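This report refers to the structure that appears directly beneath it.
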Amino acid sequence: MEETDSSRWIDCNDRPVDRDPNLPPLRIRLAGHAVTRLVAAFPWSWALLRPGVEAFFDSAATSWDSRTAAGSYEYLEPLAVALGKVEVRPERVLDIGCGTGEATLFLAREFPMAGIRGVDLSEEMVRRATRKVGLDPSARVSFRVGDGSDLPWPENSFDLVVQVNVPLFLREVARVLREGGEFVSVSTLGADTPFDTPERWYKRALSRAGMLPAASGRVGTGTWRIARLSGDERSS
C-alpha cells in the first residue's frame, strides 16, 4: 500500500482507501520509529540524531498546535487517565519534550499547588510555550530549552516526570526523580505515534535505568504507562 499526499491511501490494485487524517505522514512515522529504537538500544546515538530532530521541531513549531490538535480532549485524554492512576501528589512536576506547552499547562491545572517545569530541545517550541503562560508572578509554570538526555536540573528535583510523544531517556528521568516519584509516558496515537517506544524496548530501558513498570493502559487512540524507581536504584 502506498501513501499519497491526500487523505487517502492507494492500495496495490490502485484503489483509494481512506486513512486516518490525524496520522502523521508515513515518512515521519517511520523516521520517528527509527529514532526511538536507536535511542532505546544505543543511547549514545542521540548525539548524532539530535541536530536533525531539533531542526525538524524548530521548523514545525509555527503550525504545531493546529497540525497535532495538541490542546484537544483526544490528544490529552491518555495523559489525563494516567494522571488519575499515579500515587504521588507532586510538589514539582517536569514535562520532558513539552513542545508548545499544552500538556504542561494541563499538568498545571491538574496539580494547582505544584511547580511545573517544561523543557524542550526546540527553542522555537519553548518560545511559543512561554507566550501561553501569561502573567505568572510566582513563576509556578515555566519553560526552558534543554535536552532530555542531559536535563538541566540536579538530582532529586521532581516528584513526577511526564513525557508525551518523546523518545525515552530513562537514566536522566531516574536521576531527577525524588524518592517515591513516578514517571508517566504517553503515546497519543499508540503504536502510530512517531516517537512511540515498543513495549519490549520500553521494559529493557526501564531495567537499565533501575525503574519498574507500575501500570499501563489504552484509551481512545492513545496509550499510557507509569513507572517508578526501584528501591535498589534510589539506595545505590
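Give the residue from Thr130, Gly222, Thr104 lying farthest towards the positive end of the charge dipole for the range 26-235; charges sit on Cβ (+1 for Lys and Arg, -1 for Asp and Glu) and the dipole is referred to the Cα centre.
Gly222
What does the net charge come to around Glu87 if you take all other residues with beta carbon closer than 9 Å to its beta carbon, with K and R at +1 and D and E at -1?
+2
Using 0.36 nm times the number of residues separating Arg37 and Arg127, minus their current alpha carbon distance, what extension gain do you get?
29.5 nm
In nm, to one decimal, how far is the modelled label at Arg218 from the one at Ser66, with both set 7 Å along Cα→Cβ?
Inter-label distance under the simple model: 3.3 nm.
Please report the net charge: other residues with Cβ closer than 12 Å to the Cβ of Glu124, K and R +1, D and E -1.
-1
Would you be so kind as to identify which of Ser66, Gly118, Pro194 lies farthest towards the positive end of the dipole of the range 26-235, taking Lys and Arg as +1 and Asp and Glu as -1 on Cβ and the Cα centre as origin?
So the residue we want is Pro194.
What fraction of the DSSP beta bridges in the chain is antiparallel, stated in percent and rounded to the nearest 5?
Once the DSSP bridges in the chain are tallied, antiparallel ones form about 50 percent.
To the nearest 10 degrees, how steep is helix 26-41 against the longest Cα principal axis of the chain, on a 0 to 90 scale?
Approximately 40 degrees, to the nearest 10.
Any idea what angle helix 46-60 forms with the longest principal axis of the chain, computed on alpha-carbon atoms, 0 to 90 degrees, nearest 10?
Once rounded, the angle reads 70 degrees.
If you bin the C-alpha pair distances of the range 26-235 every 10 Å from 0, what whole percents do you get?
Here the calculated profile for the range 26-235 is 9, 38, 41, 12, 0.
Quick one: net charge of Ala60's neighbours, Cβ under 15 Å, K/R +1, D/E -1?
-2
Do you know the relative contact order of the range 26-235, to the nearest whole percent, from alpha carbon pairs under 8 angstrom that are 6+ apart?
23
Taking the Cα atoms only, what angle lies between the long axis of helix 123-133 and the longest principal axis of the chain, rounded to 10 degrees?
70
Out of residues 5 or more away from Arg140 or on other chains, whose amide H comes under 5 Å of its own, with H placed 1.01 Å from N in the peptide plane?
Distant-sequence amide H within range of Arg140: zero hits.
Please give me, ordered by residue number, the GluC sites (Glu not before Pro) of the range 107-164 that lie in loop per DSSP and have at most 12 other Cβ atoms within 10 Å.
Values: sites: Glu110, Glu123, Glu124, Glu155; in loops: Glu155.
Taking the range 107-164 and a limit of 12 other Cβ atoms within 10 Å, the loop GluC sites (Glu not before Pro) found are Glu155.
What order do you get for 64-71, 221-228 when each peptide is scored by the mean count of other beta carbon atoms within 10 Å, highest first?
Peptide ranking by packing, descending: 221-228, 64-71.
From the phi of every residue in the range 199-206, what ³J(HN,Hα) in whole Hz does the Karplus formula 6.51 cos²θ - 1.76 cosθ + 1.60 yield, where θ is phi - 60° and glycine or proline is x?
Calculated HN-Hα couplings, in order: 4, 5, 6, 4, 5, 5, 5, 4 Hz.
Here, each number is a calculation from the coordinates, and none is a lab measurement. Treat the numbers as computed from the prediction; the structure is a model and nothing was measured. When we count neighbours, we look across all protein chains shown, and the Cβ atoms used for this are built from the backbone with ideal geometry, even at glycine.
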